[in-house]
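The values are calculated or read from the model by the stated rules, or taken from the named source; none is laboratory data. All of these numbers come straight from a predicted model, not from anything done at the bench. Cβ: placed from backbone, ideal geometry, glycine included. Neighbour counts: every protein chain shown.
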DNA sequence: GAGCGCTTACCTATCAGATGATAGGTGAAC
DNA sequence: GTTCACCTATCATCTGATAGGTAAGCGCTC
């Protein structure tokens, strides 16, 4: 009846599994067979939807970036405090609930060994997110860079120490700077 | 004449290559064959010195951590400003000169797929470095966490954007906080 | 409304290459 | 003659990727 005949939204479920695994294990820790097993199909079917690994990962990256853009919305409709709070909440969920890396944090770390197609997506994401934050902070580029770095680093620390609270601890003072400065 | 008969310090050169590759490509981006080719031996010889991959990577991690401890020295012999400056310089070299990730930043990202042996080294390194910084800052644990997170995140950003200057930009304000507060 | 061809969404089977790891050999130094 | 620092050769396994098959649904004609 629906357009999809067999599995419902198989392509989306492939992207789900790939994203999950990318955030946990990194580019080289993900295989077509593992993804296929997650979804309940064969690895050839993953190739059917996404012909190559760079194409698959680039698709995951685009979906992830688009979702972030959508969720963050127009930076000018929020106060700087709200904007920083939204970012904080997104990073908190990644670490505490999903126990993952931020996708682009992972890709940034591995960028030296990534297909250029994927590296380009990573650069685009950070440029866009930085631009969003800069606008949200009414033009303070240096602060935008400091904040994004603090969150990414906080995720790294939290993962290394296996302590989600480390993210909050590592960013608390920076967040406070905004809550007291411009709330 | 020396103790080693054939290649001079082959084990050390294996560690050099492994460290370099780990920092660029991550755990799953490193292979015994590539390391062997760097060093000029066969992959079986890498196994001769380091029987398994977890053992090799753990050895790299220990040497790296020991070198950091040595280079940083006693935190009480420096002012807080000097201590933060030393860390800044170490991270700057990693990014600008060597164009790498910090080894433990990379391992922290990938920790979900690492042998526990290696993950434990990562946790130990961050705990030690945090402790060193806390002492250097005369007990300010929250600031120590914020600073380390800022540096690690700055490295991530610099790599993603392929712009070494991003590390300095992302940490400048934080560094200034120290240069003006307690210099 | 039966038959026909096209497309979609998978499948089986297979490939070449890389990977970590092992067994067993060799020659030089001690 | 034992140990050290390598080597050759080989292994099973995993990897991304391809070729070709199949069954189900779709739109179209007659």
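See the values below:
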quantity: Filtered residue count, the range A:87-105, keeping only those that are surrounded by fewer than 17 Cβ atoms within 10 Å (Cβ to Cβ) and either assigned to a helix (DSSP H, G or I) or more than 12 Å from chain B (Cβ to nearest Cβ) (or both); calculated: 5
quantity: Residue count, the range A:144-161 (criterion: more than 19 Å from residue A:83 (Cα to Cα) and facing chain B (nearest Cβ under 7 Å)); calculated: 5
quantity: Candidate set: the range B:1-32, residues that are within 9 Å of DNA strand C (Cβ to nearest atom) and in contact (Cβ under 8 Å) with a residue 60 or more places away in the chain; chosen: the one farthest from the other protein chains (Cβ to nearest Cβ); calculated: B:27
quantity: Some residue of the range B:174-182 being in a helix (DSSP H, G or I) and either in contact with a strand residue (DSSP E or B) (Cβ under 9 Å, 6 or more places away or on another chain) or crowded, with 24+ Cβ neighbours inside 10 Å (or both); calculated: no
quantity: Failed item in (1) farther than 22 Å from residue B:141 by Cβ; (2) within 12 Å of chain B (Cβ to nearest Cβ), with residue A:117 passing the rest; calculated: (2)
quantity: Filtered residues of the range A:33-44 (kept if more than 8 Å from DNA strand C (Cβ to nearest atom) and either at pLDDT below 95 or within 13 Å of residue A:11 (Cβ to Cβ) (or both)); calculated: A:35, A:39
quantity: Residue B:6 being over 13 Å from the mean Cα position of the chain (by Cα), farther than 24 Å from residue A:107 by Cα and at pLDDT below 95; calculated: yes
quantity: Out of A:122, A:108, sole residue that is facing another protein chain (nearest Cβ under 7 Å), under 18 Å from residue B:104 (Cα atoms), buried (at least 18 other Cβ atoms within 10 Å of the Cβ) and touching a helix residue (DSSP H, G or I) at 6+ places or on another chain (Cβ under 6 Å); calculated: A:108
quantity: Residue list for the range B:125-143, restricted to those being within 17 Å of residue B:94 (Cβ to Cβ) and at the interface with chain A (Cβ under 7 Å from one of its Cβ atoms); calculated: B:126
quantity: Residue satisfying condition, being within 16 Å of DNA strand D (Cβ to nearest atom) and in contact with a helix residue (DSSP H, G or I) (Cβ under 8 Å, 6 or more places away or on another chain), within set A:41, A:95; calculated: A:41
quantity: Qualifying residue in the range B:50-72 (condition: surrounded by fewer than 21 Cβ atoms within 10 Å (Cβ to Cβ), assigned to a helix (DSSP H, G or I), within 16 Å of DNA strand D (Cβ to nearest atom) and within 14 Å of chain A (Cβ to nearest Cβ)); calculated: yes
quantity: Any hit, the range B:33-44, residues being touching a residue at least 24 places away in the same chain (Cβ under 8 Å), surrounded by 19 or more Cβ atoms within 10 Å (Cβ to Cβ), away from every other protein chain (no Cβ under 14 Å) and more than 21 Å from residue A:107 (Cβ to Cβ); calculated: yes
quantity: Top-ranked residue of the range B:45-77 - restricted to ones that are away from DNA strand C (no atom under 13 Å from the Cβ) and without any contact (Cβ under 8 Å) to a residue 24 or more places away in the chain, ranked as farthest from residue B:155 (Cα to Cα); calculated: B:77
quantity: Boolean, residue A:138 is closer than 17 Å to residue A:18 by Cβ and outside any helix (DSSP H, G or I); calculated: no
quantity: Any hit, the range B:108-115, residues being over 30 Å from residue B:176 (Cα atoms) and more than 16 Å from DNA strand C (Cβ to nearest atom); calculated: yes
quantity: Selection from the range B:109-134 of residues that are within 11 Å of the chain's Cα centre (by Cα) and closer than 24 Å to residue A:30 by Cβ; calculated: B:122
